[in-house]
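Reading through the C-alpha cells given below for one structure.
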6 protein chains.
Amino acid sequence: MKKKLWVLAVGAHPDDIEICCAGTLARYAQDGHRVFISIICRGNAGTLDKSVQEIVKIRAEEAQEAANIIGAELIMLNFGDAELFYTKEALEVFIDLVRQVKPHVIITHPPEEENVHNDHLLTRRLIMDASLWATHHNLGMELKYPPVGITPSLFYFDQYMSGFNIHPTHYVDITSTFEIKKKALSQHRSQLSFLGKLYGPNFLEYVEVMARLRGYQCGVKYAEGFRELAVYPRVRPYRVLP
Amino acid sequence: MKKKLWVLAVGAHPDDIEICCAGTLARYAQDGHRVFISIICRGNAGTLDKSVQEIVKIRAEEAQEAANIIGAELIMLNFGDAELFYTKEALEVFIDLVRQVKPHVIITHPPEEENVHNDHLLTRRLIMDASLWATHHNLGMELKYPPVGITPSLFYFDQYMSGFNIHPTHYVDITSTFEIKKKALSQHRSQLSFLGKLYGPNFLEYVEVMARLRGYQCGVKYAEGFRELAVYPRVRPYRVLP
Amino acid sequence: MKKKLWVLAVGAHPDDIEICCAGTLARYAQDGHRVFISIICRGNAGTLDKSVQEIVKIRAEEAQEAANIIGAELIMLNFGDAELFYTKEALEVFIDLVRQVKPHVIITHPPEEENVHNDHLLTRRLIMDASLWATHHNLGMELKYPPVGITPSLFYFDQYMSGFNIHPTHYVDITSTFEIKKKALSQHRSQLSFLGKLYGPNFLEYVEVMARLRGYQCGVKYAEGFRELAVYPRVRPYRVLP
Amino acid sequence: MKKKLWVLAVGAHPDDIEICCAGTLARYAQDGHRVFISIICRGNAGTLDKSVQEIVKIRAEEAQEAANIIGAELIMLNFGDAELFYTKEALEVFIDLVRQVKPHVIITHPPEEENVHNDHLLTRRLIMDASLWATHHNLGMELKYPPVGITPSLFYFDQYMSGFNIHPTHYVDITSTFEIKKKALSQHRSQLSFLGKLYGPNFLEYVEVMARLRGYQCGVKYAEGFRELAVYPRVRPYRVLP
Amino acid sequence: MKKKLWVLAVGAHPDDIEICCAGTLARYAQDGHRVFISIICRGNAGTLDKSVQEIVKIRAEEAQEAANIIGAELIMLNFGDAELFYTKEALEVFIDLVRQVKPHVIITHPPEEENVHNDHLLTRRLIMDASLWATHHNLGMELKYPPVGITPSLFYFDQYMSGFNIHPTHYVDITSTFEIKKKALSQHRSQLSFLGKLYGPNFLEYVEVMARLRGYQCGVKYAEGFRELAVYPRVRPYRVLP
Amino acid sequence: MKKKLWVLAVGAHPDDIEICCAGTLARYAQDGHRVFISIICRGNAGTLDKSVQEIVKIRAEEAQEAANIIGAELIMLNFGDAELFYTKEALEVFIDLVRQVKPHVIITHPPEEENVHNDHLLTRRLIMDASLWATHHNLGMELKYPPVGITPSLFYFDQYMSGFNIHPTHYVDITSTFEIKKKALSQHRSQLSFLGKLYGPNFLEYVEVMARLRGYQCGVKYAEGFRELAVYPRVRPYRVLP
C-alpha cells in the first residue's frame, strides 16, 4: 500500500479502541497513514463514585492522551452511555462523522448479536449503515457535510471476551507497537480501576493475554485479529490492513 | 448449588414461560430458590372476540394462577402486544425490572433472528442489555431503583417451533415437575383455545411432544433445553441450572 | 399448486425486486397467480444530480413500467431512503400492506445481518413481523384494514452480492422468463446509470451472471434462488414456489 | 411430478429407514413411484443374547416384512455392523447398488460429523460418492453393472436425536401414511426390545414424537423432514419429494 | 456428583492431555474420581535428532511422570505418529480401550475438520465410535474385553490454537490445579524444546495464556473450556464435569 | 512480498486447477514466484468412449499444455479416479510431494464435507495432513525425501458450484490474467466436451460467470476467491496471495 490511507476507528466508549485495535492503529500511524479515533459515548456510566460531569471530563482527557500516544486524531461524539438508539438523529450524526473524515478504512466492533454491550452493537450497525449512505445525495436528513465519493472497507476488531464465537480471518503483527498499545490503554486510569472492581479482569493483563494468543496463532509475539465486512462495494482484492 | 438463587424468567406474553421453561422454574422453586416470572406484554391481541379490557384482565388472572402453581412471584409489565420497541423508555423499564428483582439467573427467549414474534426478540434483547446496565451508575435515565452488584447469568429457553435452528446445550430433567408445567399451562385457558383456532397446534400436546423429545436426547422422561449467553462477565464455571 | 396464490414481493427500493426475483414473479403471473410488488422507499437518494422531486417521479414511473412487464400490481409506499426505522408507525404501514394484499406468499430481502443496506434489513424485519401481526385483533394501533386469516409463507430472495454468506435452498427455473426479467430491470434507466457510476457494476450484466450461476447449480440455463423463513405457522409441506 | 421416479432409501441398519423416512416412502409408493430400500449392514450387533446367525436371520425377515408394508423392494447388502469402512471394495458395492437401481432420488442419513454411529456417516458418504461415480466409465474397479445416465438428487432424512444440530429445510406430510410407518417399524420386533434395553427410548413412541413435532412445524398432523445435498448436478428447480 | 466417576482422557500424543485438560483431570482426581489418560501414538516423530527408540522411551517416561503428578493412570497405546487410520484394527484397539476402562466420561480432541493434526481428528473419531460400539455384542471383531453397559458422556477439550473456530460451552475452574497442570506439562521436556524449535511457541507460556483467557471468560483466574458431544444416549441433564 | 515464493496448487484431476485458481497462479508466475501444479488422479474416468490408456495420455498432454500457459511446472501423480483413499501409502506420496516442492503456499480444494467429488475432499485432506508431517523426522514410512523446514500456508480455492455454502474471505484480482486462465482451461479439450455431455455446463462459460461474480464482489472485472486454513503454524500476519 503505497497510497496514504485515512483510517477511522470507531469505538462505543473510551478504552474500547485501545483494548481492541490500538496496536494496529499505531502501525498505520507509523506507516504514515492518517488515523482517526471516534468515540461515540462519553463514558458517563464508567464510574462507581464520580458525578457525570467529573467522569466525563476525566475520560475525555484520558482518551485524548491515549490518542496522542497512538498518533491518532480524536473525535468525541457525545452520546450518553446506554443512550444510543437506532434513530434518524443518530444516523445523521454517524453519516456526518463519515463525511467529515472520509475514511478509506473503518475499524469497529464485531457484529455478532451477542456482545456484552448494546452500545457496541449499535455503534457497529450505525457506522456500517452511515458509511454506505455517506456517498448518497438527496437524503432527507439534516446533514452538515456533503457526500463523499467512496464506500470504505470495514473491518471488525477482535472482541473475543465480549462474544465467544468471534474469530478473526486477518491478523496484524503488533509486536513493534504493543508497548504503545499498553501505554495508550494505561491512560484510561479511571476505567482500569472501575472495570477491575465491577468485573474482575485487569485489562492491561487481558490485552497481553489476547495479543499473545493471536500472536501464537499467526507466528509472531503479539498480534491483533480482524474480520472483514463482506458486502460489495467494500471488499478489495489486496490488503488494506498493515 | 447450596446458595439460594434469585431466578428471573422473562417472557414476552402470558403463556410463553409456561410453554418453554415452567418445568425448570418449578424445580428451582422446589429446591428452595426464589423464582420470579415477568411478563412484558399484556396479551391484548390474544383473542378473536374479546375486548382489550376483557382479555387483558383474563390473561392477568390466568398468569397469576399459573405462577402460583409453579411457585413463582409474578411481575406484569404493561406493554401492548406488538408495541415493544427498542427505546430508552423500554430500556428504563427493563433496567428497573432487573434492579427490583436482583436476579442471579435470567431465563428468556432465544436470540435467533428468525422467531415467530418480534416481541420475543425484543424481550430478549432488552433484558440482555438491561441486565448489563443495571449494575452501572450515572445512567442518564429515569430509574426508580439503585444499581445492583451482579451481572446475572442468562440462559435462553428452547423455543424450537418458533425458530427451527435453535439447539440446546444444557438440559434440565423435568420429569418430577412435568405435571406442574402442564397444570400451569392449563391456566391459560383463553390462549389454548385462541392459539388452536389461529394456528392449529394444541399447546398442551405440543409441550408434551417437546418435553419428550428433549427427554429422549438426555435420557430421561421429560426435559427442557437451554443455551447460555456466552459473554463475560456472565458465564460461571459451575452449573446454575437445576 | 392448482390454487391461485396471491404473491407479494417486498423490496426496499425500486429495482431490488427486478434484480432479485422478477423471473420468479413473471412465472407466477404466467401461471395465473396474482402478483403484487410493494416498494418501501421512494428512491430519492438514487441520483447524483437530480432533485428529490424529479428522481422520485422518474423512479415511480420506471417501477410502474417494470411491474407492467412482469405482470404485477405495484404498491408504492412512501418512506424516504435511509429513513425506515423500526417504529410503531412503520409497523402499522406494513401491517396494513399485508392486510390489504392478503398474500399467501411473501418474497423479500434475506435476513443476514450483513447486507449492503439497512433499508434492506428493516424491510425484511418489518414485513416479517407485520405478516404475523396482520392476523391479530385488538392491536393498539392505527390500522385501516381488518385482520386477515392466514400467516403467509415467506421466502428470502438471493441477494448474494450484498451479503456473501447467503445461500439458497430452493431454486426456480427462470429460463422462460429471463428476458422479461431483463426487460423489467431495463426500465430502471435512472438506476442502471447511477449504480454504474457509484459502484461500478452494470446490473443488467450482473443479473445475467447471477442467473447463469444459479442455473448451473440446478441444471437449467437461468435460475433464481430462495430460502424459506423457517418458523411455524409459515412452512408448508409442499412447494409454493413456481 | 407426473414422471414415475425410482427412489432409493439407504439406511445403515434394519429399522433406520422405518424410523426416519418410511412415511415419505409410503407416499412415494402410493403415488405410483418405485421405491427401493437398501440396508447396508446386516444388524448382527443388534442383540443382547442371540447368536449372529440367529439375529441376522431375524432382522432380514423383519426388514422384508417392513418393506412389504411400505410397498418397497428390499436390497440387503451384507456388511457387518461396525465393519463398514471407506475402502475401494465398499465403494464398488455402493456403485453397483446405484447402477442396479438407477434411482432419480436417493434418501439417506444426514452428513453432520456428530452422529450416534459411524455406520450412519459412512453409509451417507459412500452412497453420495457412489452415486456420482456410477455415471462414469473406465473406473479401475470390479463392477458388475454398466454406467448409468443420471446423477440422482440426494436428500438427507431427519435423524434429530442422533445429531442435535440437524434441521430440515423440506417437509413431507405423512398424515396419511403415519399408520403405515408405525406398522412397518413394528415389524422390527427384535430391535424395539433391544434398543429399549440398551438406550431406554421406545422407538414407536419416539417416531410419534418426532412426526408430531415436524407436523407442528409445517402445519399438519404428522410430517417428516429432509435436507438436500446442495452440489451440482444434483439440485432440481422443482420438488422431487412427495 | 456424589457418585465416583471413571474418567478417560484420550490424547493423540504425549503432552496433548497436559496442554488441553490436565487442570480438569487433576480436579477430578482430587475429588476422588478415578482418572485414566490414554495416549494413542507413541510420539516417535517428536524429535529433530533422536532415534525412534530413544524418543519413544523418553516420551513414555515423561508421560508417566506427568500422569503421576495429575493423579491419573496411564495407558499407552502404540500407534506410530501419522500412522493412525480409520481401520477395523484401529477400531478394535479403541473398543478394547473403552471396555477395559469402562468410563462414565470421555474427554478428547475437538471434532472440527480443521485441526493441526490428522492424528487428533482420528483419535476423536475412533474414540467416539468405539465408545458406542463398546456396548454391543456380536461384533465381528477380535476383541479382548466383553461389552460394557454404558455409553459414556463425551466432552471435547479446548484446542483453540489448532482450530480457530472452536469455542467451549462449558468451563472448569482450574485455579486450584493450575500449578499441577504446569508441573505435569513440564515433564514433557523433550517436547517443550522440540516444539519451540519447530513452531516457535513456548507451550508452558501458551497454557498460561489460554487458561487466563478462559478464566477471564468465566470469572476465575484459570479455567479450561469444553464442549459436549450432542448425540443420544450421551447427554445427561446434570453436570458431569468438575 | 519481495521474497520469491514456491507455490503449490494441488487439484484432484486435470482441469480442477484451471477452473478454480489459474488466474491467481498466473499472477504468481508473472510476479516471479515459482509455481507448481500437482494433479493427483490421472483422469481415466473423464471420458464416455475412450480407453483408459487413450484418455490418460490425452489428459496428461492437455495438463502439460495448460501448465505451460500458466507458467507452472507440472507434477502428475498417478492415482486412479475414485481410487484415492486415506491410507498410509497415499499419505506417503503426498508427504513426498510436499518435501519435493518445499512450498511456502499450498492452494487446494475446499474442506466442506459436501463436494461433488470424494477425490476433491481426499486431495484436500491428504495435502493438509502431509504438509504438516513433511516437517517431521522419524516417521515410520517409506519416504524418498528428507524433512522440510516450513509448514506452508494453505488456501482453499473457490469451488462454489461443487458445494453451495463455500464463501471466500480473500480475493485476487485476475483481470490481467483472465485470458491466460481461459486459454489454459481451453487445453482440456477432452473435458470440455465430456463435462458438457455428462453434466450440461460449458466450463469455459462457467469460469467467466464465476470470475465476473467474484469480480463484482471486490470491485474489479475478474477475480478468484480463497479462504485460509486457520490453524497454527500456518497463518501469517501479512498477505501471501498476489
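The values are calculated or read from the model by the stated rules, or taken from the named source; none is laboratory data. The structure displayed is predicted, hence computed values, not measured ones. Counting neighbours? That spans all protein chains shown, and the Cβs are built from the backbone with ideal geometry, glycine included.
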Within the set of pairs 6+ apart or on separate chains, which have a first residue in the range B:155-166 that is over 18 Å from B:ALA9 (Cα atoms), a second that is of a type in the set (Lys, Arg) and surrounded by fewer than 22 Cβ atoms within 10 Å (Cβ to Cβ), and C-beta atoms under 9 Å apart? B:ILE166/B:ARG227
Exclusive hit being of a type in the set (Asp, Glu) and more than 23 Å from E:GLY225 (Cβ to Cβ), set E:ASP173, E:ASP129, E:ASP158: E:ASP129
Considering the range F:30-65 alone, what residues qualify as being within 21 Å of D:LEU132 (Cα to Cα) and of a type in the set (Val, Ile, Thr)? F:ILE39, F:ILE40, F:THR47, F:VAL52, F:ILE55, F:VAL56
Of everything in the range F:165-177, what is in contact with a strand residue (DSSP E or B) (Cβ under 9 Å, 6 or more places away or on another chain) and either within 15 Å of F:LEU121 (Cα to Cα) or crowded, with 21+ Cβ neighbours inside 10 Å (or both)? Give them in sequence order. F:ILE166, F:PRO168, F:HIS170, F:TYR171, F:VAL172, F:ASP173, F:ILE174
State whether the residues of the range F:79-101 include one that is over 24 Å from D:LEU126 (Cβ atoms), surrounded by 22 or more Cβ atoms within 10 Å (Cβ to Cβ) and among the aromatic types (Phe, Trp, Tyr). no
Given (1) touching a residue at least 60 places away in the same chain (Cβ under 8 Å); (2) within 11 Å of chain D (Cβ to nearest Cβ); (3) in a helix (DSSP H, G or I), identify the lone condition not met by E:PRO110. (3)
Within the range C:16-52, the count of residues that are over 27 Å from A:GLY149 (Cβ atoms), within 14 Å of another protein chain (Cβ to nearest Cβ) and of a type in the set (Gly, Ala, Ser) comes to 1
If you check A:SER131 against the conditions, is it at pLDDT below 95 and more than 14 Å from chain F (Cβ to nearest Cβ)? no
Could you tell me whether A:GLN64 is free of Cβ contacts under 8 Å to residues at least 40 places away in the same chain, within 24 Å of A:TYR206 (Cα to Cα) and in a helix (DSSP H, G or I)? yes
Report every pair of residues separated by at least 6 positions or lying on different chains whose Cβ atoms are under 9 Å apart, first residue within the range D:2-14 and more than 17 Å from D:LEU154 (Cα to Cα), second at pLDDT 95 or above and of a type in the set (D, E, K, R). D:HIS13/D:ARG42; D:HIS13/D:ARG59; D:HIS13/D:ASP81; D:HIS13/D:ASP119; D:PRO14/D:ARG42; D:PRO14/D:ARG59; D:PRO14/D:GLU62
Test of understanding: among E:PHE164, E:PHE85, which residue is modelled with pLDDT of 95 or more, aromatic (Phe, Trp, Tyr) and more than 13 Å from the chain's Cα centre (by Cα)? E:PHE85
For residues that are polar (S, T, N, Q) and within 16 Å of the chain's Cα centre (by Cα), scanning just the range A:53-69, find the one that is farthest from the other protein chains (Cβ to nearest Cβ). A:ASN68
Out of E:GLY43, E:GLY23, I need the residue that is modelled with pLDDT of 95 or more, in a loop (DSSP other than H, G, I, E, B), among the small types (Gly, Ala, Ser) and crowded, with 24+ Cβ neighbours inside 10 Å. Which one? E:GLY43
What are the residues in the range B:167-220 that are more than 10 Å from every other protein chain (Cβ to nearest Cβ), under 18 Å from the mean Cα position of the chain (by Cα) and touching a residue at least 24 places away in the same chain (Cβ under 8 Å), if any? B:THR177, B:PHE178, B:ILE180, B:LYS181, B:LYS182, B:LYS183, B:ALA184, B:LEU185, B:GLN187, B:HIS188, B:GLN191, B:VAL207
Select from the range E:1-15 the residues that are surrounded by 24 or more Cβ atoms within 10 Å (Cβ to Cβ) and touching a strand residue (DSSP E or B) at 6+ places or on another chain (Cβ under 8 Å) and write down the one among them that is farthest from E:GLN191 (Cα to Cα). E:VAL7
Taking first residues from the range B:134-153 that are buried (at least 18 other Cβ atoms within 10 Å of the Cβ) and second residues anywhere that are among the small types (Gly, Ala, Ser), the pairs with Cβ under 6 Å that are 6 or more apart or on different chains are B:HIS136/A:ALA45; B:ASN138/A:ALA45; B:LEU139/A:ALA45; B:LEU139/A:ALA82; B:VAL148/B:ALA134; B:PRO152/B:SER131
Inspect the range E:74-87 for any residue being within 30 Å of D:ASP119 (Cβ to Cβ), within 14 Å of chain F (Cβ to nearest Cβ), in contact (Cβ under 8 Å) with a residue 12 or more places away in the chain and not in a loop (DSSP other than H, G, I, E, B) and give the result as yes or no. yes
Those residues that are without any contact (Cβ under 8 Å) to a residue 12 or more places away in the chain and of a type in the set (Ser, Thr, Tyr), I need them from the range D:25-52; list them, please. D:SER51
Do we find a residue being over 15 Å from the mean Cα position of the chain (by Cα) and modelled with pLDDT of 95 or more anywhere in the range E:7-20? no
Say whether the condition of being in contact (Cβ under 8 Å) with a residue 12 or more places away in the chain, within 10 Å of another protein chain (Cβ to nearest Cβ), among the acidic types (Asp, Glu) and in contact with a helix residue (DSSP H, G or I) (Cβ under 8 Å, 6 or more places away or on another chain) is met by at least one residue in the range E:92-99. no
Could you list all residues from the range A:89-107 that are in a helix (DSSP H, G or I) and either farther than 18 Å from C:VAL116 by Cβ or small (Gly, Ala, Ser) (or both)? A:GLU89, A:ALA90, A:GLU92, A:VAL93, A:ASP96, A:LEU97, A:ARG99, A:GLN100, A:VAL101
Might you check whether a residue that is among the polar types (S, T, N, Q) and more than 30 Å from F:SER153 (Cβ to Cβ) occurs anywhere in the range E:105-128? no
Selection count, the range A:205-231, where residues are hydroxyl-bearing (Ser, Thr, Tyr) and farther than 10 Å from A:GLY23 by Cβ: 2
For the range C:221-239, name all the residues that are surrounded by fewer than 19 Cβ atoms within 10 Å (Cβ to Cβ) and more than 9 Å from chain D (Cβ to nearest Cβ). C:LYS221
